[in-house]
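Undergrad: I'd like to ask some things about the structure below.
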Protein chains: 2
Amino acid sequence: MVDVAVVGAGQTKYGNHPLGLKGMWAEAASKAFSSVDGDFEPTSIDEAFIGTIAFGGAQLGNTAALLTEHSGMDGIPVRRVENACASSGFALRDAWMAIKSGQADVVVAGGIEKMNDLTPERKRYWLGVSGDTEWERLAGLTFPGTYALMARRYFHEFNADHDDLVHVSVKNHLHGSMNPAAHIQKEVSFEKAAGGFMVADPLTLYDCCPTSDGASCVVLAADHVARKLTDTPVWVNGSGAASDHLALHDRPSITQLKATQIASSRAYSMAGLTASGIDLAEVHDCFTIAEVLATEDLGFAKRGDGGVFAREREGQLNQGSTTVNASGGLKSKGHPLGATGTGQVVEVFKQLRGEVESGRQVRDAQTALTHNVGGSGATCAVHVFGRDRS
Amino acid sequence: MVDVAVVGAGQTKYGNHPLGLKGMWAEAASKAFSSVDGDFEPTSIDEAFIGTIAFGGAQLGNTAALLTEHSGMDGIPVRRVENACASSGFALRDAWMAIKSGQADVVVAGGIEKMNDLTPERKRYWLGVSGDTEWERLAGLTFPGTYALMARRYFHEFNADHDDLVHVSVKNHLHGSMNPAAHIQKEVSFEKAAGGFMVADPLTLYDCCPTSDGASCVVLAADHVARKLTDTPVWVNGSGAASDHLALHDRPSITQLKATQIASSRAYSMAGLTASGIDLAEVHDCFTIAEVLATEDLGFAKRGDGGVFAREREGQLNQGSTTVNASGGLKSKGHPLGATGTGQVVEVFKQLRGEVESGRQVRDAQTALTHNVGGSGATCAVHVFGRDRS
């Protein structure tokens, strides 16, 4: 069976982007193509998978073909993959499988979202429909409320409190302050993050990620082609994905994401390692509580110890055994929905090649993980990467 | 490399369906599961790909996970594939690659659309965005207009006329009149079809497919599993896909679909046969002119002879070497956008197993082709099937 490597990766800065959708995509794709070391032309791409949810309010359709024809990839088989905020995590998985299948040697996975063209009502709508509609959204429960319920229950079950979440926010803002691609590039003090205005009790402004514009693009290649394109491929050593009930009330527990547990267990097993072998992880911290749960579900902390993990800043850059969200995460780097999954891969690609801006590089990074969640855990894709093939 | 077979397939009746989205999907999935000969449980499904565009106006999100949790497939990796009207054709391709990749043994591909819950304005919107928006839709050119331009140009280039299109309509209505799953189950006389009210000159009502509700579901299995599930698998012997410019003015010719030509050429080559070896083809006749072009692009007729092929009824059931749209096609069976691609496979599955209602069975059908188009040719997926492995 063929092995798959990331040979190029690029993204726009996240935030309020001045360009439209085609321009943003062209920028991310162009950066990805030029990051490939060899004599790479987009005409050598066999197939593409592009994740997006709202696509700027869906005023443009047939989005995948629209984007490839405007980035030098016209004619190739391409499709849009939509799985709420896990769209490009699944685009990555599908691109990886396309190469594994032997049907394609060079495949693009990417994602894009233009949130700041939407009115506040449409933003709420496009975010809201990614959760459960019938039992949650129509009763007024949007994502901050959903994650607030998870946080309250977590506090109750594990004797944690809001301060634990504040530590996640402070850490991710610290990391993001050093990331020139981040939406929010500033540090936040513990006091300020603790005292932010209330969004959904107990979550304050500093517990919630921003809604960002952004595009990200990753070039994957089969092993025999990867060697020709770069001396420093980043190998996809494991891929796992799963789904779960959309609505919280259908799950036996709301302080763990079963989809994350299943997806990561598969990815670890394929890569032949466990959580302790991961040097850096980009996890889906749409809310700070989501990072606390993810550190447990992914195995970086024991069940119930995610709060302690946060409080002791074990995930902070080069502090513990696994740096969590060196990019700033969704909280500080930003969250352009469909672009987030492959945007995580852009970070991992640079980290594992030692190409990150000084100050933010994870020391001697050999292995990495990306964790991309849709809804409040209804879909999840986890990938494990390495400088070496496993 | 593993071979892939269709081992089960089912669909709802197309038309104005009384059930909601979850009910429609459950019906199609349940029929697909029960069509598997062996002791089949949906819990043995490893992964799923579900195509949909509007999903009833997108009031529900995270659609793929929502559907699998309501059809006995909870927990599996699932994603929505959206590629305009080729959504489930690409879902099929991605499901096929998932098995080829060795990552999954049993995979579901399906599609769904609930058009009749939409207001006329929203129907126009969701159909319209699948074409080019910036140059065509915003100038008032919706799909009937787009295909009317293609028809007028075709008449001009090849000395054809509207009568040729009428023959397509009459043939597909004849086939659909015998299909209990069809949206429109009635024959239409040549005179009536020729004199239908004008929609977009030269296309009349009888040149245009209806907008239907519908869901379709196909179960694919790796060869070593397929043998345990059925004695009569239908093999996927070839898959090809391609894209093209969205807007007509960007294409060198508007009387051929380059995406169809490329996709079918790849699928034929993989299956080791040519058009003359295909016993039945389900082609994407969203408008009658589209079937005329498809018969040429797929190689059933020479370039410029598609009108003659139609006029001489070579595609009529058991008349020529290839029966075209034995199901009634989009014109008469109906067109529930995202469900159409895998709906074509449901027909092919039954035909190749000799399980079609009496009167509509293609005699001694050994090989088949499905052709699913998005937009006015921006995306296309073609698959070749056989009773035997190629």
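The values are calculated or read from the model by the stated rules, or taken from the named source; none is laboratory data. Keep in mind the model is a prediction, meaning the values are calculated, not measured. So basically every Cβ, Gly included, is an ideal-geometry build from the backbone, and we count neighbours across all protein chains shown.
Undergrad: Go through the range A:250-265 and report how many residues are in contact with a helix residue (DSSP H, G or I) (Cβ under 7 Å, 6 or more places away or on another chain), among the aliphatic types (A, V, I, L, M) and either within 13 Å of chain B (Cβ to nearest Cβ) or farther than 19 Å from A:Cys85 by Cβ (or both).
TA: 1
Undergrad: OK, next. For the range A:210-222, name all the residues that are in contact with a strand residue (DSSP E or B) (Cβ under 7 Å, 6 or more places away or on another chain) and away from every other protein chain (no Cβ under 14 Å).
TA: Hits for the range A:210-222 are A:Ser212, A:Asp213, A:Gly214, A:Ala215, A:Ser216, A:Cys217, A:Val218, A:Val219, A:Ala221.
Undergrad: For the range B:72-85, give me the residue count where each residue is more than 18 Å from A:Ala242 (Cα to Cα) and in contact with a helix residue (DSSP H, G or I) (Cβ under 6 Å, 6 or more places away or on another chain).
TA: 2
Undergrad: Of all residues in the range B:14-31, which are in a loop (DSSP other than H, G, I, E, B) and surrounded by fewer than 21 Cβ atoms within 10 Å (Cβ to Cβ)?
TA: B:Asn16, B:Pro18, B:Leu19, B:Gly20, listed by residue number.
Undergrad: Hey, another quick one. Inspect the range B:136-150 for any residue being under 24 Å from B:Ala326 (Cβ atoms) and either in contact with a strand residue (DSSP E or B) (Cβ under 8 Å, 6 or more places away or on another chain) or polar (S, T, N, Q) (or both) and give the result as yes or no.
TA: Yes; the residues of the range B:136-150 include at least one that is under 24 Å from B:Ala326 (Cβ atoms) and either in contact with a strand residue (DSSP E or B) (Cβ under 8 Å, 6 or more places away or on another chain) or polar (S, T, N, Q) (or both).
Undergrad: Exactly one condition in (1) under 16 Å from B:Ser216 (Cα atoms); (2) assigned to a loop (DSSP other than H, G, I, E, B); (3) more than 10 Å from chain A (Cβ to nearest Cβ) is not met by B:Phe55; state its number.
TA: With (1) under 16 Å from B:Ser216 (Cα atoms); (2) assigned to a loop (DSSP other than H, G, I, E, B); (3) more than 10 Å from chain A (Cβ to nearest Cβ) applied to B:Phe55, the lone miss is (3).
Undergrad: Let me ask something additional. The conditions are (1) surrounded by 23 or more Cβ atoms within 10 Å (Cβ to Cβ); (2) within 23 Å of the chain's Cα centre (by Cα); (3) at the interface with chain B (Cβ under 8 Å from one of its Cβ atoms), and A:Val129 fails exactly one of them. Which is it?
TA: (1)
Undergrad: Now, a different point. Of the numbered conditions (1) outside any loop (DSSP other than H, G, I, E, B); (2) within 14 Å of another protein chain (Cβ to nearest Cβ), A:His245 satisfies every one except a single condition; which is it?
TA: (1)
Undergrad: What tally of residues in the range A:113-126 results from selecting those that are at pLDDT below 90 and either at the interface with chain B (Cβ under 8 Å from one of its Cβ atoms) or within 20 Å of A:Gly89 (Cβ to Cβ) (or both)?
TA: The qualifying residues number 1.
Undergrad: Select, from A:Ala91, A:Ala64, A:Ala54, A:Ala86, the only residue that is crowded, with 20+ Cβ neighbours inside 10 Å, at pLDDT below 95, farther than 16 Å from A:Ala226 by Cα and assigned by TED's automatic domain parsing to the domain that holds A:Asn16.
TA: Within the list A:Ala91, A:Ala64, A:Ala54, A:Ala86, the selection yields A:Ala54.
Undergrad: Look through the range A:340-363, keep the residues that are touching a helix residue (DSSP H, G or I) at 6+ places or on another chain (Cβ under 9 Å) and among the hydroxyl-bearing types (Ser, Thr, Tyr), and return whichever of them is surrounded by the most Cβ atoms within 10 Å (Cβ to Cβ).
TA: A:Thr342
Undergrad: Right, next: Please verify whether A:Ala104 is in contact (Cβ under 8 Å) with a residue 40 or more places away in the chain, more than 9 Å from chain B (Cβ to nearest Cβ) and more than 22 Å from B:Leu66 (Cα to Cα), treating the condition exactly as stated.
TA: For A:Ala104, the condition - in contact (Cβ under 8 Å) with a residue 40 or more places away in the chain, more than 9 Å from chain B (Cβ to nearest Cβ) and more than 22 Å from B:Leu66 (Cα to Cα) - is not met.
Undergrad: Sticking with this one: For residues in the range B:137-165 being over 30 Å from B:Val308 (Cα atoms) and within 14 Å of chain A (Cβ to nearest Cβ), which is surrounded by the fewest Cβ atoms within 10 Å (Cβ to Cβ)?
TA: Here the residue is B:Leu138.
Undergrad: Among the residues of the range A:32-51, count how many are within 14 Å of another protein chain (Cβ to nearest Cβ) and either more than 20 Å from A:Met97 (Cα to Cα) or surrounded by fewer than 24 Cβ atoms within 10 Å (Cβ to Cβ) (or both).
TA: Count: 3.
Undergrad: Kindly list, by first and then second residue, each pair from a residue in the range B:333-359 that is of a type in the set (Lys, Arg) to a residue that is part of a loop (DSSP other than H, G, I, E, B), limited to pairs with Cβ atoms under 7 Å and residues at least 6 apart or on different chains.
TA: What qualifies is B:Lys333/B:Tyr14; B:Lys333/B:Asn179; B:Lys333/B:Ala181; B:Lys333/B:Ala182; B:Lys333/B:His183; B:Lys333/B:Ser327; B:Lys350/B:Val356; B:Arg353/B:Thr232.
Undergrad: Would it be correct to say that A:Arg227 is free of Cβ contacts under 8 Å to residues at least 12 places away in the same chain, out of contact with any His (no Cβ under 7 Å at 6 or more places or on another chain) and among the charged types (D, E, K, R)?
TA: Here the answer is yes, as A:Arg227 does meet what is asked.
Undergrad: Given the condition surrounded by fewer than 24 Cβ atoms within 10 Å (Cβ to Cβ) and modelled with pLDDT of 95 or more, answer yes or no: does some residue in the range A:366-378 qualify?
TA: Yes, there is a match, as at least one residue in the range A:366-378 is surrounded by fewer than 24 Cβ atoms within 10 Å (Cβ to Cβ) and modelled with pLDDT of 95 or more.
Undergrad: So, in the range B:127-153, of the ones that are more than 17 Å from B:Cys208 (Cα to Cα) and part of a helix (DSSP H, G or I), which residue ends up modelled with the highest pLDDT?
TA: Among those that are more than 17 Å from B:Cys208 (Cα to Cα) and part of a helix (DSSP H, G or I), it is B:Arg153.
Undergrad: Just to be sure, is B:Gly75 over 18 Å from the mean Cα position of the chain (by Cα), touching a residue at least 40 places away in the same chain (Cβ under 8 Å), surrounded by fewer than 24 Cβ atoms within 10 Å (Cβ to Cβ) and at the interface with chain A (Cβ under 9 Å from one of its Cβ atoms)?
TA: The answer is no for B:Gly75.
Undergrad: Taking only pairs six or more apart or across chains, which ones have beta-carbon atoms under 7 Å, a first residue in the range A:82-98 that is more than 7 Å from chain B (Cβ to nearest Cβ) and farther than 17 Å from B:Thr63 by Cβ, and a second residue that is among the aromatic types (Phe, Trp, Tyr) and outside any helix (DSSP H, G or I)?
TA: A:Ala95/A:Phe49
Undergrad: Oh, and also: May I ask you to say which residue of B:Val81, B:Val4 is touching a Phe, Trp or Tyr at 6+ places or on another chain (Cβ under 6 Å), farther than 15 Å from B:Gly111 by Cβ and not polar (S, T, N, Q)?
TA: Going through B:Val81, B:Val4 in turn, the sole match is B:Val4.
Undergrad: Go through the residues of the range A:170-186 one by one and say whether even a single one is free of Cβ contacts under 8 Å to residues at least 60 places away in the same chain, assigned to a helix (DSSP H, G or I) and over 27 Å from A:Lys13 (Cα atoms).
TA: Within the range A:170-186 (the criterion being free of Cβ contacts under 8 Å to residues at least 60 places away in the same chain, assigned to a helix (DSSP H, G or I) and over 27 Å from A:Lys13 (Cα atoms)), the answer is no, since none of the residues qualifies.
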